[in-house]
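Worksheet for the structure shown next.
The values are calculated or read from the model by the stated rules, or taken from the named source; none is laboratory data. Keep in mind that this is a model prediction, so the values were computed, not measured. Quick reminder, even Gly has a Cβ in these numbers, built from the backbone with ideal geometry, and neighbours come from all protein chains shown. Heavy atoms of the whole protein, side chains included, go into the accessibility calculation; ligands, DNA and RNA do not. Shrake-Rupley method; radii C 1.70, N 1.55, O 1.52, S 1.80 Å.
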Amino acid sequence: MSQEILDGLAVIVNEVAGVPVEDVQSDKSFVDDLDIDSLSMVEVVMAAEDKWGVKIPDSEVKNLKTVGDAVAYIAANQ
Amino acid sequence: MTREVVVTGLGMTTPVGGDVESSWQALLAGNSGIRLIDAPWVADQPAKIAGIMAVDPAEVLDRVEARRLDRGQQAALVAAREAWAQAGSPQVDPERLGAVISTGMGGLVSLMDAYDTLLDRGPSRISPHMVTQIMPNGPAAIVGLEVGARAGVHGQVSACASGAEAVSYAARMIQTGRADVVICGGTEAVIHPITMAGFAAMRALSTRNDDPTSASRPYDLGRDGFVMGEGSGVLVLEAAEFAAARGATVLAVYGGAGLTSDGHHIAQPDPEGLGAARAMRFAIDDAGLSIDDIVHINAHATSTPQGDIAESVAIRAALGSHTDDVIVTGTKSMTGHLLGGAGAIESVFTILALRDRLVPPTANLVDQDPEITLDVAAGSPRELPSGDIAALNNSFGFGGHDVALVFRSA
């Protein structure tokens, strides 16, 4: 389940920001490792909400530091 | 004594080519870039034709880069990279480097697309890039970021004169000492049902839908309006002493600009062409030249019944009997009308005409309107004289904006 979300998120991050799919790993920080700026993060969240039917409020987004944080949040709230 | 300004780089993407040389060769060959618009929405539009960019800028740019930009911004970035590369990517203090890129209508298609999204899927699905895609200073900002300009980033807005006004403002930045190098020009990509309907409502567009390549026909008796085009033209201007110090190749000398306003009507040209005539004379004065130095005019010549005559009247008012010794061309006959990009691509074409001593023909000029008392290049390219020569580029915009630029041979 988590692997599926991770794979799907990697595709989204690649689409939005051009980061190679294989670089999108659970331990990577969106900002520090993947160079995702705040506008691109909005796009990632939007696409994730659409794909998994979750709602990720802005108040949660700031807690999603790593890819793994996002995967866990999506898995728990799907 | 103002600082002399020279042109060291040119770039463009147009309906007739994805870069400067392919666009220029298409013009010399008389090839039109006007096509039937391939979209379902044209079915109930009065005008179904346009000059669509020959090379999709989104295919030229990196995929991620392209998706964050409006199509007009994409075109500007493609043209800017070509111009900057030709100039040799000048090593210049960023605080002495400016960017002036204009658009007549901004990111209107991105705005309309976002509005569709708003209606279909609600406010939460609006792209975070929408605002920077639609703002009229967006193309200037994108190009400014590309080259790292910190002397100032500006976007002049004067409808179809915007691109020419941008070039004049860029030159002024150098002349007045604010910058040593300025990348400048114009861009437009607003082929969309809303703009096509709007211009059609003004009865401004050609409806020669059954023969797209012959629809834009400046000065011809059969002309029935302009054809919308899209694309971008960019020039690198720099202080002559700066270019000389770094050993740059000078393509042309920027002469001067004349900017006036008609004070006549929001959309119709002054039939006496007084504002346009003053702009041309001011530009020649600003260049320190006399009327006799002008050998060529890349005219605004949009192919509207009224506008082409008004410009002819204005040229004769400005140049008097010397008008008969000037070879005029209307390149919109092949590119269509790029609105805010027009003055920029036509500045590039004017410079290329001076470089190659060749004036591209005005396509589709079969039966010249007797009210057009100009020597118009038609059929095949016309040669320009050797020696030091100068040319005018005219651009006029809805709102009554008149901008004339003068360039001199290198």
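For the stretch A:20-51, filtering for residues that are over 12 Å from the mean Cα position of the chain (by Cα), within 14 Å of another protein chain (Cβ to nearest Cβ) and not in a helix (DSSP H, G or I) leaves 3. The set of residues in the stretch B:359-381 being in contact with a Gly (Cβ under 8 Å, 6 or more places away or on another chain) and either at pLDDT below 95 or among the β-branched types (Val, Ile, Thr) (or both) consists of B:THR362, B:VAL366, B:VAL376. Take A:ILE56 and decide whether it is open to solvent by less than 40 Å² (accessible area, probe 1.4 Å), hydrophobic (A, V, I, L, M, F, W, C), in a loop (DSSP other than H, G, I, E, B) and within 13 Å of chain B (Cβ to nearest Cβ). So A:ILE56 passes the test. B:LEU145 meets the conditions (1) surrounded by fewer than 24 Cβ atoms within 10 Å (Cβ to Cβ); (2) more than 17 Å from B:THR187 (Cα to Cα); (3) touching a strand residue (DSSP E or B) at 6+ places or on another chain (Cβ under 9 Å) in every case but one. The failed one is (2). Given the structure, is B:VAL406 part of a strand (DSSP E or B) and under 24 Å from B:ALA215 (Cα atoms)? No: the conditions fail for B:VAL406.
Within the stretch B:116-124, is there a residue that is of a type in the set (S, T, N, Q), more than 22 Å from the chain's Cα centre (by Cα) and over 20 Å from B:TRP41 (Cβ atoms)? Yes, the stretch B:116-124 has at least one match. Checked against (1) closer than 27 Å to B:GLY122 by Cβ; (2) within 14 Å of chain B (Cβ to nearest Cβ), A:ALA75 passes all but a single condition, namely (2). All conditions in (1) surrounded by fewer than 20 Cβ atoms within 10 Å (Cβ to Cβ); (2) away from every other protein chain (no Cβ under 13 Å) hold for B:ALA140, with the sole exception of (1).
Checking every residue in the stretch B:338-358 against the condition of being at positive phi, in contact with a strand residue (DSSP E or B) (Cβ under 9 Å, 6 or more places away or on another chain) and without any contact (Cβ under 8 Å) to a residue 60 or more places away in the chain gives at least one match.
In the stretch B:88-105, of all residues being of a type in the set (Gly, Ala, Ser) and farther than 17 Å from B:ILE345 by Cβ, the one that is surrounded by the fewest Cβ atoms within 10 Å (Cβ to Cβ) corresponds to B:SER89. Here is the figure for the stretch B:180-212: residues that are in contact with a Lys or Arg (Cβ under 6 Å, 6 or more places away or on another chain), assigned to a loop (DSSP other than H, G, I, E, B) and not polar (S, T, N, Q) total 2.
Across the stretch B:98-133, the qualifying residues are those that are part of a loop (DSSP other than H, G, I, E, B) and in contact (Cβ under 8 Å) with a residue 24 or more places away in the chain, and the one among them that is nearest to the other protein chains (Cβ to nearest Cβ) is B:HIS129.
Rundown of residues vs (1) open to solvent by less than 10 Å² (accessible area, probe 1.4 Å); (2) under 22 Å from A:LEU39 (Cα atoms); (3) not aliphatic (A, V, I, L, M), yes/no style:
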site: B:LEU111; (1), (2), (3): no, yes, no
site: B:SER124; (1), (2), (3): no, yes, yes
site: B:CYS160; (1), (2), (3): no, no, yes
site: B:GLY163; (1), (2), (3): yes, no, yes
site: B:VAL167; (1), (2), (3): yes, no, no
site: B:ARG172; (1), (2), (3): no, no, yes
site: B:GLY185; (1), (2), (3): yes, no, yes
site: B:ALA201; (1), (2), (3): no, no, no
site: B:ASP211; (1), (2), (3): no, no, yes
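Got at least one residue in the stretch B:304-313 being touching a His at 6+ places or on another chain (Cβ under 9 Å) and open to solvent by 60 Å² or more (accessible area, probe 1.4 Å)? Looking for residues that are touching a His at 6+ places or on another chain (Cβ under 9 Å) and open to solvent by 60 Å² or more (accessible area, probe 1.4 Å), one finds none in the stretch B:304-313, hence no.
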